[in-house]
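Okay, so here's the structure we're looking at.
Just so it is clear, none of the values below were taken in a lab; they were calculated from the coordinates. Please read these numbers as outputs of a predicted model, since none were measured by experiment. In this analysis, Cβ positions are derived from the backbone assuming ideal geometry, glycine residues included, and neighbour counts consider all displayed protein chains.
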Amino acid sequence: MRTISAVVEDYIKKKPFLQSALAQGIINLTSLSRIVKPEIEMELGKDIRNGAIVMALKRLSDDLEFRATHKIIKVLKNIGEITVRSSLTDFTFLVSDTILENQTTLLKEVNKNKDVFYTSSRGVNEMNIVVSNILDTAVEELFKNEKCTQKAEHLSSITVKLPAENVSVPGIYYFIFQRLAWEGIVLYEVISTTNEFTIIVNDEQVDIAFRTIKDLKTL
């Protein structure tokens, strides 16, 4: 027979934003218990006292699993350099037999000007290229025979240097992207390497996105 604690834990785990807020102690447990009570009772098939749900939530918020949040915060306090670039364009092309050859030619153009921004990622069916907008004409000419499915302009990038221990602490990216989602930030692209990641956002949202990431260092 399932216990109240087990059912409450399953409920919270299915709601990441709620789980994070509970871990940080910013939720009124009594109010939350009244909200989740109908679903918990339906799952258990019997009436449950609010006090029992409050106790289950309290134990859950103190659980070691939730304390992982503190490990994440320790890592984020050591975030390194944050670099912002503006005036970018995001191209999306369908993968073809000739697209890598065209990309090689584009890289030669990029190497002529070390100040321009360039990044690329390839999936199973699509290739994405983000460049400084002064290269728009070059991209359009070199890839004129490729199928462009999207072109987004007036974008900016934010590149974040993470401490080396980020690879050993689960939830780092979730925690960062959760904060960005809370602020209503739309991510056009996310490009990452082992110890850094870059997000591409609309020019109008770059300031709040930068501030949101920078504020992680003061949690």
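Quick notes
- Too-long pairs where the Cα-Cα distance tops 22 Å, listed order kept, from Lys14/Lys58; Lys37/Lys71; Lys112/Lys151; Lys15/Lys58; Lys14/Lys74; Lys74/Lys161: Lys37/Lys71; Lys112/Lys151; Lys14/Lys74
- Between Asn195 and Asn28, the simple label model (points 7 Å from Cα in the Cβ direction) yields a spacing of 4.6 nm.
- Only helices enter this figure: runs of n ≥ 4 DSSP H residues, each worth -39500 (n - 2.57), summed and divided by the residues of the chain, yield -14000 deg cm²/dmol at 222 nm to the nearest 500.
- On Cα atoms only, tilt of 50-61 relative to the major axis of the chain in degrees: 50
- Converting phi to 3J(HN,Hα) with the Karplus coefficients 6.51, -1.76 and 1.60 and the offset θ = phi - 60°, the range 140-151 yields 5, 6, 5, 10, 5, 9, 9, 8, 8, 8, 7, 9 Hz in sequence order, with x at every glycine or proline.
- When the convex hull of its Cα atoms is viewed from all sides, the range 4-62 shows a mean projected area of 3.4 nm².
- Backbone amide hydrogens, once placed in the peptide plane, bring Leu162 within less than 5 Å of Gly80, Glu196, Phe197, excluding anything fewer than 5 places away on its chain.
- Neighbour counts of other Cβ atoms within 10 Å put Ser5, Ser121 in the fewest-to-most order Ser121, Ser5.
- Relative contact order %, the chain, counting alpha carbon pairs below 8 Å whose residues are six or more apart: 22
- Annotation: Cα Rg of the range 51-117 relative to the compact-globule expectation 2.2 N^0.38 Å equals 2.22.
- What you get for the chain, charging only the Cβ of Lys and Arg (+1) and of Asp and Glu (-1), is a dipole of about 1060 debye around the Cα centre.
- Trypsin sites (Lys or Arg not before Pro) within the range 37-136: DSSP coil, no more than 14 neighbouring Cβ in 10 Å: Lys46, Arg49, Lys77, Lys112, Lys114
- Computed from the Cα positions only, the extents of the chain along the three principal axes stand at 69, 35, 31 Å, in decreasing order.
- Extent along principal axes [Cα atoms of the range 95-138; Å; largest to smallest]: 30, 16, 16
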